[in-house]
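Have a look at the structure below, then the notes.
The values are calculated or read from the model by the stated rules, or taken from the named source; none is laboratory data. Keep in mind that what you see is a predicted model, and the values were worked out from it rather than measured. Positions of Cβ are backbone-derived with ideal geometry, glycine not excepted, and every protein chain shown enters the neighbour counts. Heads up: the accessible areas ignore ligands, DNA and RNA and are worked out on the full protein's heavy atoms, side chains in. Shrake-Rupley method; radii C 1.70, N 1.55, O 1.52, S 1.80 Å.
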Amino acid sequence: MPSIWSIGRAVACLCAIASVSPSQLRAQEWPARPVKIVVAFAPGGSADQLGRLFAAELSTAFRQQFYVENKPGNSGSIGSAQIARAEPDGYSLLVAGSGPHLTGPAINPNIGYDPLRDFTHIAMIAADSFVLAANPKLGANSIADLVKLARSKPLTSSSPGAGSLGHLILEQFKRRAGVDIQHVPSPNSGMLDVLGNHISMSFTTLLTAGEHIRSGGMVGLAVTSSARNLVYRNIPTFAEQGYPDVRGETWFWLAAPKNLPPSIVGKLNQEVRRILTLPKTQAYLEQMALITRDLDPVAVTGFVREEFTYWAPLAKEVGLTVQ
């Protein structure tokens, strides 16, 4: 016959099990099935390549399939909105980015989600620095040269589109330098037009302009990162040339719907940060001229909040509003 002590212990165990919610039990079992990582852009771009790299490594780490699903459209907002509405069960993740989460909501109040309240920000992945790349025939080899030219004749600068981060950095620079440069939205940041000398310059990413700079088709005048890029050491920063406030990178980070269980957030953050230390990951990031940050989930959320707070006022100041 069981003792009073053993019966009490059994009752206590049953009570403890009953006190655990279904969501907590699911979080403990996670991942019990394949995990989808939405990339809100077309295949082949930076977000897609990074998403697939980390999907493969996470599959190995968790012994469960992590796979990429591309959901391009409306500058990344379609895929982002899908994740904002998904269940916070750990099976729907997102490669979040500066465009759909920082500048997009700043210029479009009806984008369909709140970049701060509707997502769980998990871990930083990587970023592509912006560079001011000019046609060699412009005759500018420094920011000082460019400012002098801009004050003497009309100049044009391209970006991926109105309200893009490249456009906002251009507006940021114009205000700091006190010059007027006409913005020209153009596919692929206007690389062909800059190479053909139809557009004077472009504020674009190093990944986009890098090959043209290496081949001599363009001149890299300044990078927007706080330090020189390890791959393009010969290109000085804006800060080195007297413009410390001209900055901006296209960041990508891992996100999920709001209220993702902390246990899942912790597991993913730990693994992403470990993957970033792998020699093959570091070699890939260096080859692609990408930078990264080692942040815990609280710091990632703080980063997103600070960046949105920084870019939103500038977008309004410039008058960029999409209804």
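At-a-glance table
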item: Filter result for Thr250 (outside any helix (DSSP H, G or I) and either without any contact (Cβ under 8 Å) to a residue 24 or more places away in the chain or of a type outside the set (A, V, I, L, M, F, W, C) (or both)); result: yes
item: Unique match (being at pLDDT below 90 and among the aliphatic types (A, V, I, L, M)) among Ile78, Ile7, Ile37; result: Ile7
item: Cross-chain or 6+ apart pairs with Cβ under 6 Å, the range 214-235 first and in contact (Cβ under 8 Å) with a residue 24 or more places away in the chain, then of a type in the set (Ser, Thr, Tyr); result: Val223/Ser129; Val223/Thr237; Thr224/Ser129; Ser225/Ser129; Asn229/Ser129
item: Considering residues of the range 40-54 that are closer than 22 Å to Glu286 by Cα and buried (at least 23 other Cβ atoms within 10 Å of the Cβ) only, the residue farthest from the chain's Cα centre (by Cα); result: Phe54
item: Test set (1) open to solvent by 20 Å² or more (accessible area, probe 1.4 Å); (2) in contact with a Leu (Cβ under 6 Å, 6 or more places away or on another chain); (3) in a helix (DSSP H, G or I) - Pro88 fails condition number; result: (3)
item: Residue tally, condition touching a residue at least 12 places away in the same chain (Cβ under 8 Å), more than 23 Å from Asp89 (Cβ to Cβ) and not hydroxyl-bearing (Ser, Thr, Tyr), over the range 288-303; result: 8
item: Selection count, the range 228-263, where residues are crowded, with 19+ Cβ neighbours inside 10 Å, more than 21 Å from the chain's Cα centre (by Cα) and within 30 Å of Ser92 (Cα to Cα); result: 1
item: Top-ranked residue in the range 219-247 [being among the aliphatic types (A, V, I, L, M) and part of a loop (DSSP other than H, G, I, E, B); ranked as modelled with the highest pLDDT]; result: Ile235
item: Tyr243 being aromatic (Phe, Trp, Tyr) and closer than 25 Å to Tyr284 by Cα; result: no
item: Residue list for the range 200-227, filter: more than 19 Å from the chain's Cα centre (by Cα) and open to solvent by less than 10 Å² (accessible area, probe 1.4 Å); result: Met201, Ser202, Met218, Leu221, Ala222
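Yes or no, residue by residue, for (1) open to solvent by 10 Å² or more (accessible area, probe 1.4 Å); (2) in a helix (DSSP H, G or I); (3) out of contact with any helix residue (DSSP H, G or I) (no Cβ under 7 Å at 6 or more places or on another chain):
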{"residue": "Ser77", "(1), (2), (3)": "no, yes, no"}
{"residue": "Thr103", "(1), (2), (3)": "no, yes, no"}
{"residue": "Pro109", "(1), (2), (3)": "yes, no, yes"}
{"residue": "Gly112", "(1), (2), (3)": "yes, no, no"}
